[in-house]
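Q: Provided herewith is a single structure, encoded as structure tokens, for subsequent inquiry.
What follows draws every value from the coordinates through simple rules; no lab data is involved. Predicted, not measured: the structure shown is a model, and the values here were computed from it. Glycine also receives a Cβ, built like all others from the backbone with ideal geometry; neighbour counts cover every protein chain displayed.
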Amino acid sequence: MTTFSLLDIVAVLPILGPLGASVVLAGLRFAGNRMNEREIERLVRVVMLTTFVAVLASAWLGHGHAPRRIHYGAWFESVHYAFDISVLIDQLATVYLVTAAFITSIVGYFSARYLHRDPGFARFFVWFLAFVGGLNLLVLAGSFNLMVAGWEIVGLSSVFLVGFHSQRSGPARNSVQVFTAYRIADIGLLGAAAVIHFWIGSDRLPHWGAIQEVSAGALPAIGGFLVLWAAMGKSAQGPFAFWLPRAMEGPTPSSAIFYGALSVHAGAYLLLRMAPAWQTLAYVPSAIITVGVATAIYGAFVGRTRTDVKSMLAHASLAQVGLIFAEIGGGFHNLALWHMVGHTMLRTLQFLRAPSAITDWRTFHVELADSGTDISIARLFLPRTASLWLYRQSLGGLNLEGFLNGFVVEPVMRLARYLDFSEREFAMLLEQSRKSGPVSGEPVDDGALAQLKVGDA
Amino acid sequence: MSTPVSEFQVCSAACVLLLAASITPKVVANRARDLGLWAMTFAAILTLAAGLASQATASGGKVVGEGGTFRLMLLGATLLQSFALLFGLPRSRSVPAAVCDILFVEAGTLLVVSSDISALRVVGWIIALTPTRLTVADDGNFCVKQTVPLGFVRFQYASGAAFLAGSLLEALGRPNLAIGAALLLILAGILRQGIPPFHTPMLRFFEQSRLTYVIPFVASPVGILMIARGMQHLTGAGLTNVSGVIMAFAMASLVYLGLLTLAQLRCRGLLCYSALFSWTLSVICLAGGGRVNQGAGQLLVLGAMGTTLGFGLAVWLLEERLGELTSAHAGGLATRLPVLSAMFVLFGLASVGLPFSASFAGEDLWLHGLFEHSSAAGILVIVGWTLVAISIFRMYAKVFLGPSRDAPASWDLCKRERIAFAVALVVVFGIGLWPRLGLPPTLHVAHAASTAPTKASHRSSTRTIALEFGSKNLEE
């Protein structure tokens, strides 16, 4: 009989607790039994407290030990493959998990007050708890496949919270864009899961600081770039940078937790977790640095032209995550980890204070007796025409969305519509009767039906 | 009930019971649903008892998997499916005809799944097709718009002919005819299920026929079973190249189906192509051969049955409330129909591998096998998935989110409809959380036998080092 230690039990509580609570809340809504606000708030508090305590206990029990992998068995298996249910507790997981537990607890408490009497109060917490469970699964996963499950849950909860204010057209449209970006990025993660399994022969994730010999060849390169692709999508880097400002349509607490703090760093976490697999390949780190620096420049320029506080913060997040990517690519993994933690804390605070931004700004400038005039750095170094051109380009988001719409979305949609049209034409052709009878799609009268009975049928 | 013959007798009795019930609804119009439910209950008891008995004696059929477990799962899923559909029926005057549709298809499916005798499978196939005949002959009662999806009818008749011919050749039992029989069975299955390149008339069928017939017809896996049977014959004859061609063609068509899904403006169109996508995926797995692909195929078949049912129910109940919707004329329904909207997106996404659904386990298992053969093919398939997932979410956002449009007063799911969805949830997430139920038992045994050091023995030494991915200083 399998026996489990205390750590084995404590380690899964941060995953099962929030996910279970989310399922219970959703199940009660499905069954028609609605909990009132106070009951939901109590449930959330209990779950978040339990999660926080469990995370601290895991960190404490795992402290001072070498990285620890706990196996709970295989979910299902085939001849050369098993879906391994295991948890990996190492420095990376512990630091990220403690940060996540701290921030989610605060935001959970904040949200209960912020969304008081909101019609979507219960719906928010269904997705919030799903996100917390999914994130903890992503962080603690000991196998790539389990990480994929956590990754998907985080993505879905994020998308549904972007569309939280469902009565407006903006959130609906933006949630589709965020979902599209996530799914396109997931191509990388699903592909990487399979490629790495084939390359390494196992789905186990490497622990923090592991040293890996990597053979030269196509497979490691494909695996490395697929991981980078997935990380770019989740952290809104490179061509995916368009979705982060659009995701700000969600309620402020969800913006704070997803796009300021935890979800936006999930890509960086993935890169750090998989670092042993790609760090000795020259081209993958170079690509990570390039993507990171390019996004940091993009975020810095575009963010300076935004006129609303959440967009400004979103672009600032892009720039900082870009720098974190560059640090990871450069091999400064510890620096990247602590940069991530610091940025998470700062951005959460800024997002939660965002609704009071104007008051804060006024107070700040009154206290400093400052006129509030900004000095443009671009004007100091660039001629006026160049700086104006740069301003115009930044105001238009460097035309990133226009480029993607014109060269990716529109051609694909045009092709899809053309294929659908051809299919329908072909279907009409198939339905034409040999005796030039009625073509399907037109009303069939009794006479025609009688003709069909005798004829083709 | 210790021999296959007695098992077959029991299943046939269940089938006859359903057929008898399917003829009577118009006579007992007011009690049609109750009659259907009672008939299904008796049929369920009979077939499950027969299936359990056959599993106990290890005489279960070699439908797709090894032993009777999978057949039992299929029978269970088919019966749960019909329960869900009968529960979901609205209280309207079309109930007797709808009960008739459902019982016809379920009786046919039951016979094809449970029988080991070719002639009886043909009978089952014809029974399942009967409403197709009525679609043409009836005075519009079986058609939504008084139109005839003639292309679909012709293809289904062609599938029936191919199936009859294939079964005849199979029954003759001559080795030189085995390949012909296999190819005819595969053709029949592909035509029946609407697998590319024979998918074109399916959209017209979806758009013009009543969903009470469309959903059980499309959610029924009989075509897939015949394809699997044909594949087994081909593998037995050593013709793996043919399976390879079918697999490659189906794989390429996944992206094509994904693009078609993206262009759909109606919920029915989306339902059609997402169902075809799921079935095509199952066919690829079954064509791939080997125990891993077979296991993945079994999970995908069960997943496709559940998700097509759930997604179909959501579309059906939505149309029942608001009429046929296009994405351009809907919006903001989530506030009025919160549970229905949740079911729509839940089952829609479950068909493309939502975590902890049956499809997720099947896709995960299969993808790992596929990448061993070709990374490019794997990426192609994932692109197809991505396109379908984006289409489903896009439709959800257009129909359920955004500002509310002027639509007739509607109400969210009643208790009866919630039970129908709960049944579908059990099928999809029950197997998803416990995927071993849908896998051949020998897979677990084979996995236990293959120890970790020998796993990567065929790979290069550098990769063998990589196998111990950071295992130094690791406490387990």
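Q: So for segment A:2-60, Kirkwood radius off the Cα pairs, Stokes-Einstein at 10 °C and 1.306 mPa s: how many µm² s⁻¹? Numbers along the way, then the final one.
A: Numbers: Rh = 12.6 Å.
Reported coefficient: 126 µm²/s.
Q: What does a probe at A:MET413 reach in segment A:160-200, counting residues whose amide N is under 12 Å from the point 7 Å along Cα→Cβ?
A: Once the point is set 7 Å along Cα→Cβ of A:MET413, A:177 turn out to lie under 12 Å by backbone N, inside segment A:160-200.
Q: Averaged across the residues of A:421-428, what count of C-beta atoms belonging to other chains lies within 10 Å of each residue's C-beta?
A: That average works out to 5.
Q: Two decimals is fine: what's Rg over Rh for segment A:125-259, C-alpha atoms, Kirkwood radius as Rh?
A: Numbers: Rg = 16.2 Å, Rh = 15.7 Å.
Radius of gyration over Kirkwood radius for segment A:125-259 works out to 1.03.
Q: Can you give the net charge of the other residues whose Cβ lies under 11 Å from the Cβ of A:TYR182, counting K and R as +1 and D and E as -1? All intermediate terms of the calculation are to be shown ahead of the outcome.
A: Details: positive: A:ARG183, A:LYS234; negative: A:GLU152, A:ASP186.
Local net charge: 0.
Q: Label A:TRP60 and A:HIS116 with points 7 Å out from Cα along Cα→Cβ: what is the distance between them in nm?
A: 3.4 nm
Q: Would you work out the charge dipole size for segment B:137-274 about its Cα centre, treating the Cβ of every Lys and Arg as +1 and the Cβ of every Asp and Glu as -1, and quote it to the nearest 20 debye? Provide the component values of the computation, followed by the final result.
A: Values: 9 positive and 4 negative charges, 27 e Å.
Taking the Cα centre of segment B:137-274 as origin, the dipole is about 140 debye.
Q: Taking each residue in A:60-70, count the Cβ atoms of any other chain within 10 Å of its Cβ, then average. What number comes out? All intermediate terms of the calculation are to be shown ahead of the outcome.
A: Working: counts 0, 0, 1, 0, 0, 2, 4, 7, 3, 5, 2.
Mean partner shielding for this stretch: 2.
Q: Using the Cβ atoms and a cut-off under 15 Å, what net charge is assigned to the surroundings of B:SER253, where Lys and Arg are +1 and Asp and Glu are -1? Can you show the working numbers first?
A: Working: positive: none; negative: A:ASP420, A:GLU423.
Result for the neighbourhood of B:SER253: -2.
Q: To continue, here is another question. So what is the relative contact order for segment B:153-311, in percent, with contacts set as C-alpha pairs under 8 Å and at least six apart?
A: Working: 198 pairs, mean separation 36.8, N = 159.
Across segment B:153-311, relative contact order equals 23 percent.
Q: Turning to a different aspect of this structure: Under a crude label model (7 Å from the Cα following the beta-carbon direction), how far is A:LEU16 from B:ALA119 in nanometres?
A: 5.6 nm
Q: Size of the dipole of segment A:111-240 about the Cα centre, Lys and Arg at +1 and Asp and Glu at -1 on the beta carbon, nothing else charged, in debye to 20?
A: Values: 8 positive and 5 negative charges, 118 e Å.
Dipole size: approximately 560 debye.
Q: Treating only the Cβ atoms of Lys and Arg (+1) and Asp and Glu (-1) as charged, compute the dipole magnitude of chain A about its Cα centre; round to the nearest 20 debye. Could the numbers behind the result be given before it?
A: Values: 32 positive and 29 negative charges, 187 e Å.
It works out to roughly 900 debye.
Q: How far, in nm, would the chain grow between A:LEU49 and A:THR363 when pulled straight, counting 0.36 nm per residue and subtracting the alpha carbon separation? Can you show the working numbers first?
A: Values: separation 314, 0.36 × 314 = 113.04 nm, distance 3.46 nm.
The A:LEU49-A:THR363 span can extend by a further 109.6 nm.
Q: If you don't mind, there's one more thing I want to ask. Each label point is 7 Å from the Cα along the Cα-to-Cβ direction; what then is the distance between the points at A:HIS165 and A:PHE421, in nm?
A: Going from the A:HIS165 label point to the A:PHE421 one covers 3.8 nm.
Q: Is the shape of segment A:58-123 rounded, prolate or oblate, going by the alpha carbon gyration tensor and its root eigenvalues a ≥ b ≥ c, with a/c under 1.5 for rounded and a/b larger than b/c for prolate? Could the numbers behind the result be given before it?
A: On the way: a/c = 4.79, a/b = 1.63, b/c = 2.95.
Taking the square roots of the gyration eigenvalues as a ≥ b ≥ c, segment A:58-123 is oblate.
Q: Taking the Cα atoms of segment A:43-193, what is the range of coordinates along each of the three principal axes, in descending order and whole Å?
A: 48, 35, 23
Q: Another question, if that's okay. Kindly state, to the nearest 0.05, the FRET efficiency for B:SER410 paired with A:LEU429, given R0 = 35 Å and r defined as their beta-carbon distance.
A: Numbers: r = 38 Å, r/R0 = 1.08.
Given R0 = 35 Å and the Cβ-Cβ separation, E is 0.40.
Q: Whats the longest run of chain A with zero trypsin sites (Lys or Arg not before Pro) that are DSSP loop and have at most 13 other Cβ atoms within 10 Å?
A: Values: sites that count: A:ARG34, A:ARG117, A:ARG434, A:LYS435.
For trypsin sites (Lys or Arg not before Pro) (loop position, at most 13 other Cβ atoms within 10 Å), the longest site-free span of chain A is A:118-433.
Q: Provide the FRET efficiency to the nearest 0.05 for the A:LEU398-B:TRP38 pair, computing r from the beta carbons and using R0 = 56 Å.
A: On the way: r = 67 Å, r/R0 = 1.19.
Computed FRET efficiency for A:LEU398 and B:TRP38: 0.25.
Q: Also, quick follow-up: Given 5 Å bins starting at zero, what is the percent of C-alpha pairs of segment B:155-291 in each, up to the one with the largest pair distance?
A: Result, from short to long distances: 2, 11, 20, 22, 19, 13, 8, 4, 1, 0 percent.
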